[in-house]
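Here's the structure we're looking at; comments come further down.
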Amino acid sequence: MRRHIGLAATTAAVIGFLGIGLLGGAALAAEPYKIAHVYGKTGPFEAYAKQSHVGLMMGIEYATGGSMAVNGREIEVIEKDTQLKPDLGKTLLAEAFGDDNATLAVGPVSSGVALAMLPVALEYEKVLLVEPAVADSITGSAWNRYVFRTGRNSSQDAISNAVALGAAGNCVATLAQDYAFGRDGVAAFKEALAKTKAKLVFEEYAPQDTADFTAPAQRLFDALGKADCPRKIIWVVWAGKGNPLGKLKALSPESRGVELASGGNILAAMAAYKELPGMEGATYYYYEIPKNPVNDWLVAEHTKRFNAPPDFFTAGGMAAGIAVVEALKKAPSGETEALISAMEGMEFMTPKGTMRFRKEDHQALQSMYHFKIKVDPAVAWGIPELVRELKIEEMDVPVRVKK
């Protein structure tokens with residue numbers, strides 16, 4: 001009898017132990033995926049950052065059908081503000097990976113901050129999904145295998161703008177900010193323009209906080225004045241405050257036979273484009289251009305929630321959010337190596353249509369849009385009217401990683 005009682009007790013204990021183990025495993029499986037959004041929430045690029053975060057959350061919402069969960073686990077987004085300081089960006093990313101045990105991180109806004117953060121991803125061996133920092137070196141000379149990017153890179157910007165401005169007889173001078181974003185942008189543009197029939201005649205770099213563009217403009221005008229071309233253009237690549245296009249326009253470039261050109265920007269910045277009807281360039285996104293169900297949802301929902309259309313960086317944030325969810329669907333463990341395997345070559349739908357992470361450098365290949373500015377008195381900004389979509393297959397984006 002005692003033996004039977006002992007056996008029953010032992011059996012009950014084993015069942016109880018297994019039950020605890022199973023419950024513990026279920027609890028463990030239900031732990032949320034932690035996504036760290038490490039971005040410049042305050043500082044000169046605050047407007048970009050706000051759009052990026054709104055887009056990220058809407059992307060996760062869209063890709064999870066509104067549940068904000070995948071594989072039976074909630075997605076928890078942790079915000080960390082770099083204040084646009086590279087050293088702080090490094091510290092916060094290390095904190096996200098080391099203390100918060102984030103599954104992966106998204107961000108930042110600034111190329112300079114992104115370059116400071118890349119070694120942290122390598123040190124902790126965790127995925128950093130860069131959005132929207134642009135510098136080529138992020139998925140080029142400074143890249144490591146833990147870095148992916150949904151944002152376009154400088155080469156994609158440059159190739160598309162070179163197509164827009166590369167006609168025979170065009171002489172182009174550039175104005176850019178004197179840091180990674182500007183210098184990488186011009187370097188890529190110079191390389192792309194060399195494959196067209198246009199000529200690059202001068203490069204001007206100015207500090208990020210430049211407010212008075214008189215001296216840079218004079219050097220640009222002088223250089224183009226010496227150029228023997230029927231069409232003379234200043235191409236501006238600029239992020240944040242300063243309004244260089246507006247400042248240059250105030251100096252009457254047309255009286256010198258000079259046109260202004262630039263890529264796309266946020267809607268507030270494109271208010272300056274109203275003074276530039278017919279200006280050509282190429283853009284990453286404008287809400288009226290892409291025609292697909294993801295963009296339709298984004299435009300409708302964003303307009304309903306914020307009484308305004310989605311902007312340039314909202315679309316990028318949404319692309320990142322969708323990429324995160326699609327990667328986790330393919331790699332439910334959330335382990336880094338599983339994520340890398342899932343993401344290399346992964347195709348996913350975004351507001352811009354299909355994006356694809358290239359295996360060689362983890363850069364998202366994507367469409368760009370050649371535009372011409374149209375002015376509508378009822379619209380507060382210059383409207384980038386589509387001239388031509390430049391599809392993935394049409395853009396020979398260089399692989400710049402070190403061999």
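The values are calculated or read from the model by the stated rules, or taken from the named source; none is laboratory data. These numbers come from a predicted model, not from an experiment. Every residue, glycine as well, gets a Cβ built from its backbone with ideal geometry; the counts of neighbours run over all protein chains shown.
Filtered by the rule that a residue be surrounded by fewer than 16 Cβ atoms within 10 Å (Cβ to Cβ) and hydrophobic (A, V, I, L, M, F, W, C), the stretch 322-359 gives a lone residue, Ala338. Residue selection: Glu254 fails the criterion of being among the acidic types (Asp, Glu), assigned to a strand (DSSP E or B), more than 25 Å from the chain's Cα centre (by Cα) and in the same structural domain as Ile373 (by TED's automatic domain parsing). Among the residues making up the stretch 138-165, those that are among the β-branched types (Val, Ile, Thr), touching a Leu at 6+ places or on another chain (Cβ under 7 Å) and modelled with pLDDT of 95 or more are Ile138, Val147, Thr150. Is the stretch 360-374 home to any residue that is part of a helix (DSSP H, G or I), touching a Lys or Arg at 6+ places or on another chain (Cβ under 7 Å), polar (S, T, N, Q) and surrounded by 15 or more Cβ atoms within 10 Å (Cβ to Cβ)? For the stretch 360-374, residues part of a helix (DSSP H, G or I), touching a Lys or Arg at 6+ places or on another chain (Cβ under 7 Å), polar (S, T, N, Q) and surrounded by 15 or more Cβ atoms within 10 Å (Cβ to Cβ): absent. Checked against the criterion of being among the hydroxyl-bearing types (Ser, Thr, Tyr) and not in a loop (DSSP other than H, G, I, E, B), the candidates Tyr273, Tyr286 yield just one match: Tyr273. Look through the stretch 370-390, keep the residues that are of a type in the set (D, E, K, R) and within 25 Å of the chain's Cα centre (by Cα), and return whichever of them is nearest to Leu260 (Cα to Cα). Checked the stretch 370-390; the qualifying residue nearest to Leu260 (Cα to Cα) is Lys372.
So which of Ala188, Ala176 ends up being at pLDDT 95 or above, outside any loop (DSSP other than H, G, I, E, B) and either outside the structural domain of Val163 (by TED's automatic domain parsing) or surrounded by 15 or more Cβ atoms within 10 Å (Cβ to Cβ) (or both)? Answer to the check: Ala176. Pro310 passes every criterion in (1) surrounded by fewer than 24 Cβ atoms within 10 Å (Cβ to Cβ); (2) out of contact with any strand residue (DSSP E or B) (no Cβ under 6 Å at 6 or more places or on another chain); (3) in a loop (DSSP other than H, G, I, E, B) apart from (1).
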